[in-house]
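Each value in this text was obtained by applying a stated rule to the coordinates, not by laboratory testing. Everything numeric in this text was worked out from a predicted model, so none of it was measured. Backbone-built Cβ (ideal geometry, glycine too); neighbour counts: all protein chains shown.
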Amino acid sequence: MPDRRLDQPRRPGFRVSIDPETFGRLSERLARFLGTGKFLFWQTLLVIVWITLNLAAVTLRWDPYPFILLNLAFSTQAAYAAPLILLAQNRQDNRDRVSLEEDRARAARTKEDTEFLARELAALRLAVGEVATRDYLRSELDRLRTDLNAKPRKPRPSADTLREDARWAEN
């Protein structure tokens, strides 16, 4: 039982509740069908049969030559088709708007992530620039080796000289 307010009297009569989403989906399906070649084919076939029967079959003439009933049917069809097509377009515009907003938000997040990663990469490059690399250490060791090899060497003292120096230091 639907929620009714107890402080208001009931209103007798027939109530129609229409789900806007269901009606919107139905109108979109109908609008899509109205824009197909299949619909145009069947409508053209119906018009040809209508005119042929009204011109050729003398006993079946329900709509004589100016075809007023056929024009009325087309007017009615146009009167219903135009709002249904507009409703379908509005629903599509709403979906496109939501999709565009999601795309913008996703693009903004992607841009922020890219900028963050660029900053992190720049920080890593600076940090790596201050770290001694393997090649730098090798080049420094090679330079020290060449410096040591280039200096003249003192002759090594003999064992006797070392003993004498040790005695001299004791006294």
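Points to keep in mind about this one:
- Under the shape rule built on the C-alpha gyration tensor, where the axes satisfy a ≥ b ≥ c, segment 1-99 is oblate, since a/c reaches at least 1.5 while a/b does not exceed b/c.
- Relative packing of 76-89, 48-61, which averages over residues the other C-beta atoms within 10 Å, highest first: 76-89, 48-61
- Modelled FRET efficiency - R0 45 Å, Asp96 with Phe67, Cβ distances, 0.05 increments: 0.65
- A Förster radius of 45 Å combined with the Cβ-Cβ distance from Ala166 to Ser139 puts the calculated FRET efficiency at roughly 0.65.
- Each Lys and Arg contributes +1 and each Asp and Glu -1, all at the Cβ; summed about the Cα centre of the chain, the dipole is approximately 380 debye.
- Label point distance in nm, Arg156-Phe23, each placed 7 Å from Cα along Cα→Cβ: 10.8
- Debye, to nearest 20: dipole size of segment 20-112, +1 on Lys, Arg Cβ, -1 on Asp, Glu Cβ: 180
- Over the chain: helical MRE at 222 nm, DSSP H runs n ≥ 4 each giving -39500 (n - 2.57), nearest 500: -26500 deg cm²/dmol
- Net charge of Cβ neighbours under 14 Å - reference Leu84; Lys, Arg +1; Asp, Glu -1: +3
- Contour excess over end-to-end distance, with Cα ends at Phe41 and Arg119 and 0.36 nm allotted per residue: 21.9 nm
- Coil-residue trypsin sites (Lys or Arg not before Pro) of segment 111-171, DSSP, other Cβ within 10 Å capped at 16: Arg153
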